[in-house]
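Q: Once you've had a glance at the structure underneath, I'll fire off some questions.
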């Protein structure tokens, strides 16, 4: 039994489903006490009960509240995200701002809230769930690609500042993962590309990957758990691809 995270407290945003839930389960399985943070109160509470953790119902778009926050976690997983697929000339500016707020500003504020505790203890793990779109671009995803690129930069700066304090900061960069977020994109992708929904997976989502399947959430969770461990103490400022070879091109 792997108890490598015994005594550690982890906070996972967007933790009620998808990649966040997989990360929460992987961290809890290794002994961490997990706080499941999500705007979905019932989903967060249900998973927290399952894992013996706690739920935090939070709207990460409420940045004023996050600005005064202080966190006592040892591991922070910035996972919460949303998606919007549309050409730039049709992209609603409010949607662009909402995505940037949730996926760049909120992680900054949570990192800012967590670092004093991590610095005081000489240990911390910041794990940012980025995307292959943090390293590559796709049409019709101006906000998402911009946000993930911004998260990459934030992660690297955190790594440079945190190194002397025992804090690491890294990104995980999966391709398309089998999650509700990806499933909800299919209709939009079909519309902007002018193809049937049944063809989206093969003709859009998996066309760049050498391995023609979706990433499973548990695979991302496994990598996050390793990044949280002492074994990954020299891994910082990195972007770990899990994209089936997409970014090899």
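Taken together, the values in this text are just the output of simple stated rules run on the coordinates, not laboratory data. Not measured: the values here are computed from a predicted model. Cβ sites come from the backbone with ideal geometry, for glycine too, and all protein chains shown count toward neighbours.
Q: For the range 104-150, what D do you get in µm² per second when you plug the Kirkwood radius from alpha-carbon pairs into Stokes-Einstein at 25 °C and 0.890 mPa s?
A: Estimated diffusion coefficient is 202 µm²/s.
Q: If you average the sequence gap of Cα pairs under 8 Å that are 6 or more apart and divide by the length of the chain, what percent do you get for the contact order?
A: It comes to 21 percent, rounded to a whole number.
Q: Another question, if that's okay. With viscosity set to 0.890 mPa s at 25 °C, what whole-number translational diffusion coefficient in µm²/s follows for the range 101-189 from Stokes-Einstein and a Kirkwood radius over Cα pairs?
A: My calculation gives 175 µm²/s for D.
Q: Now a separate question. For residue 178 and residue 1, FRET efficiency with R0 = 30 Å and r from the beta-carbon atoms, rounded to 0.05?
A: Efficiency, from the Cβ-Cβ distance: 0.65.
Q: If the chain between residue 49 and residue 120 were fully stretched, how many nm would it gain, using 0.36 nm times the residue separation less the Cα-Cα distance?
A: Net length gain for the segment: 22.6 nm.
Q: Starting at 0 and stepping by 5 Å, how many percent of the alpha carbon pairs of the chain end up in each bin?
A: Spelled out bin by bin, the chain gives 1, 7, 14, 19, 20, 17, 12, 7, 3, 1, 0 percent.
Q: Principal axis extents for the range 155-249, Cα atoms only, whole Å, descending order, please.
A: That works out to 52, 27, 23 Å along the principal axes.
Q: Need one number: nm distance between label points at residue 192 and residue 165, each 7 Å from Cα along Cα→Cβ, rounded to one decimal.
A: In this crude label model, residue 192 to residue 165 measures out at 3.7 nm.
Q: Next question, about the same structure. Please state the equivalent ellipsoid semi-axes for the range 1-95: what are the square roots of 5 times the Cα gyration tensor eigenvalues, largest first, in whole Å?
A: 28, 15, 12
Q: Also, I was wondering about something else. Is it possible to state the helix-based mean residue ellipticity at 222 nm for the chain, with each DSSP H run of 4+ residues giving -39500 (n - 2.57), the sum divided by total residues, to the nearest 500 deg cm²/dmol? What is it?
A: Here the helix-only value at 222 nm equals -12500 deg cm²/dmol.
Q: Still on this model: As I understand it, the value is the acute angle between the Cα axis of helix 18-29 and the longest principal axis of the Cα atoms of the chain; what does it come to in degrees, rounded to 10?
A: Relative to the chain, helix 18-29 is tipped by roughly 30 degrees.
Q: In nm, to one decimal, how far is the modelled label at residue 138 from the one at residue 226, with both set 7 Å along Cα→Cβ?
A: 2.4
Q: Label residue 207 and residue 64 with points 7 Å out from Cα along Cα→Cβ: what is the distance between them in nm?
A: With each label placed 7 Å out from Cα toward Cβ, I get 4.5 nm.
Q: Rank 224, 232, 28 by mean-square fluctuation in a GNM of the chain with C-alpha springs under 10 angstrom and give only the top-ranked residue.
A: Fluctuation is largest for 232.
Q: Per-residue counts of other Cβ atoms within 10 Å, averaged by peptide: what ranking do you get for 167-174, 109-116, 195-202, highest first?
A: 167-174, 109-116, 195-202
Q: What angle, in degrees between 0 and 90 and rounded to the nearest 10, separates the Cα long axis of helix 217-228 from the longest principal axis of the Cα atoms of the chain?
A: Long axis of 217-228 versus the principal axis of the chain: about 40 degrees.
Q: With angles folded into 0 to 90 degrees, how steeply does helix 180-193 sit against the dominant principal axis of the chain? Use alpha carbons for both and round to 10.
A: Rounded to the nearest ten degrees, it is 30.
Q: Report the calculated FRET efficiency for residue 40 and residue 218 (r = Cβ-Cβ distance, R0 = 22 Å), to the nearest 0.05.
A: My answer for the efficiency is 0.65.
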